[in-house]
Amino acid sequence: MPATTTSPVPARGAVTRAPAELRLVADRAAKALAAAGVPAAGDGVAVAVSGGADSLALLHALRALAGPRGWRLGVVTVDHGLRPGSAADAAFGADHAKALGLPARVRTLAPADLSQHRQAGPEGAARAARYGALWPAADELGCRWLATGHTLDDQAETVLLQLLRGAGPDGLAGMAVRGGRLLRPLLGVRRAETRACCTAIGLEWREDPTNAGDGPLRNRVRQRLLPLLEELRPGATRALARTAALAAEER
């Protein structure tokens, strides 16, 4: 069901008055972006919001940071049209942005948007089509940067997938906080911490049911392989993310 706010959301820039869970996410995002040297004062940042906990936590963390740093925020969301409820998820993200006083853009993909990337496979095609829609929407909002809610868990999953593909140092480096105009401020934040952040500020989030299925390989890595590694070696997720950081330094 659509997310609702059940407790006051901290005002923009009110990091010191925010719940500890939001402060943790905002502080780590701030450190990641400071290390990357972006965004500059006056820059626009379009936040990709799916309605999930990761993207909502990112939105509220950047909203708390934006005021003192002079950033302008907007929200962009994409409806892939691949499952029932996707349109409602996209509308929820836009409605939440408007409730916060932020401009928003929703883009709906057509079958042709996906078919032109079919050589990349279903997951790759959806990703390529999504970014193909997000960038023009960010430009329309006058935003130099696009920020996504990829977390430390996503980074660990990426490293495992690259290992399974026999990747070298470039692949093992995983995702970077900054890649061109793309920002990933939450690579130092666990998925459980984004959920705790949303809970602390009274937000319910949308769940994509396809993430719980056994379809794409990433799902199976997330649902089965990574939990098994954590069982065998507690801290495996953080160790894998650290491997990405070390590989990036070597590269």
- line: Toy charge model, Lys and Arg Cβ at +1, Asp and Glu Cβ at -1: the range 128-251 dipole around Cα centroid in debye, rounded to 20, equals 160 debye
query: How about the range 136-195: which trypsin sites (Lys or Arg not before Pro) there lie in a loop by DSSP and see at most 10 other Cβ atoms within 10 Å?
result: R165
Note, ³J(HN,Hα) from phi for the range 21-26, Karplus 6.51, -1.76, 1.60, rounded to Hz, x at Gly and Pro: 5, 6, 4, 4, 5, 5
query: Taking H as built 1.01 Å from N, whose amide H comes closer than 5 Å to the amide H of V75, not counting residues under 5 places away?
result: V47, A104, R105
statement: In order over the range 171-182: 3J(HN,Hα) from phi, Karplus 6.51/-1.76/1.60, θ = phi - 60°, whole Hz, x for each Gly or Pro, gives x, 5, 5, x, 9, 9, 4, 10, x, x, 8, 8
query: Excluding D43 itself, what net charge comes from residues whose Cβ is under 12 Å from its Cβ, given Lys and Arg +1 and Asp and Glu -1?
result: +4
query: All other residues with a Cβ under 11 Å from the Cβ of A173 taken together, and with Lys, Arg as +1 and Asp, Glu as -1, what is their net charge?
result: -2
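A short reminder: the numbers here are calculations on the coordinates, not readings from a lab. Just so it is clear, the model here is predicted, and its values are computed rather than measured. As a convention, Cβ positions derive from the backbone with ideal geometry for all residues, glycine included, and neighbour counts pool all protein chains shown.
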